[in-house]
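Here is the structure we will look at, set down as structure tokens.
Readers should treat all values here as calculations from the given coordinates under stated rules, not as data from a laboratory. Fair warning: this is a prediction, and the values are worked out from it, not measured in the lab. As a convention, Cβ positions derive from the backbone with ideal geometry for all residues, glycine included, and neighbour counts pool all protein chains shown.
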Amino acid sequence: MMSDTLKVSLVQLELVWGNVEENLKRISNLLLPMKNQTDLIVLPEMFSSGFMMENKNLISPKAAMTLDWMKNQAKQLNATLLGSIIVEEDGNYFNRLYCVDGEKIICSYDKRHLFRMGEEHKHFSNGADRVVFNLGKWRIRPLVCYDLRFPVWSRNQNDYDVLLYVANWPEARREVWNTLLKARAIENQSFVLGVNRVGIDGLGLSYSGDSSVFDAKGRLVGKCTDHVEEIITLQLNLDELNDFRRKFPLHLDADSFQIS
């Protein structure tokens, strides 16, 4: 990976409800052409099962298998792989994002904001840790779905270059998704990636996808086709981002704050 460029691949999927083995098999086939073609592959939220809550106890025992699959895929494809799955620890369930590179877990992040309107908070425990990881010179902040609605938690403290959201965001609220992705890019002066699913889930909710990338000026850099399972790969340039930041240094006037 060149120091000033990053190839990112957005994987917009139609997920098989509750069937981990089938989802991993399907994704493996979809990713075959990506070998040596990209630096970072981003999968949607709960990519192995769909956004399940009631049957989380049936999915969580397959977390270790899914994590091993992620490591194997990353190694085979010569890329970093990222996405969230259902994990159980000491009787608590988490919507946990993993980022892996070969045999190594680069980072994990437990979703902080749990979707109250869907009663996610009754089924999962939230995380509290702010995570930023590095790929070469790139600093990347991973978040999950509903986190997008909370600008303070997403705020750039002059410590990341890419803000990344994985999601199962229903089509009924797609205008909010698209608007907030653009807003987060402008206010944080960073690239923003949003990766969402398509299709209809086991609860009858429809997903349009709208997986996309915005640059620091809020311009749409690339977008997957609506309602279509698709992978797109884009190249981001760090020199261009830093040049814009030098010319328009918003961070110098940013408010300081703490999150409890």
- By residue number, the members of the range 19-33 that are of a type outside the set (D, E, K, R) and either over 13 Å from Ala63 (Cα atoms) or assigned to a helix (DSSP H, G or I) (or both) are Val20, Asn23, Leu24, Ile27, Ser28, Asn29, Leu30, Leu31, Leu32, Pro33
- Message: If I ask for residues that are under 20 Å from Ile140 (Cβ atoms) and surrounded by fewer than 22 Cβ atoms within 10 Å (Cβ to Cβ), which ones from the range 76-89 would you list?
- Response: Leu77, Asn78
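Here is a yes/no grid of residues against (1) in contact with a Phe, Trp or Tyr (Cβ under 8 Å, 6 or more places away or on another chain); (2) at negative phi; (3) hydroxyl-bearing (Ser, Thr, Tyr):
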position: Arg174; (1), (2), (3): no, yes, no
position: Thr179; (1), (2), (3): no, yes, yes
position: Ala185; (1), (2), (3): yes, yes, no
position: Gly194; (1), (2), (3): yes, yes, no
position: Gly202; (1), (2), (3): yes, yes, no
position: Ser211; (1), (2), (3): no, yes, yes
position: Ile231; (1), (2), (3): no, yes, no
- Note on the structure: Checked pairs for the range 42-70, first charged (D, E, K, R), second crowded, with 24+ Cβ neighbours inside 10 Å and assigned to a helix (DSSP H, G or I), C-beta under 8 Å and 6 or more apart or across chains, list as Glu45/Cys145
- Item | Given (1) part of a helix (DSSP H, G or I); (2) surrounded by fewer than 16 Cβ atoms within 10 Å (Cβ to Cβ), number of the condition Asn178 does not satisfy | (2)
- Task: Residue by residue through the range 135-168, note down the ones that are more than 21 Å from Ile85 (Cα to Cα), out of contact with any Ser or Thr (no Cβ under 8 Å at 6 or more places or on another chain) and of a type outside the set (Phe, Trp, Tyr).
- Result: Arg139, Pro151, Val152, Arg155, Gln157, Asn158, Asp159
- Residues in the range 132-175 that are small (Gly, Ala, Ser) and surrounded by 15 or more Cβ atoms within 10 Å (Cβ to Cβ): how many? 2
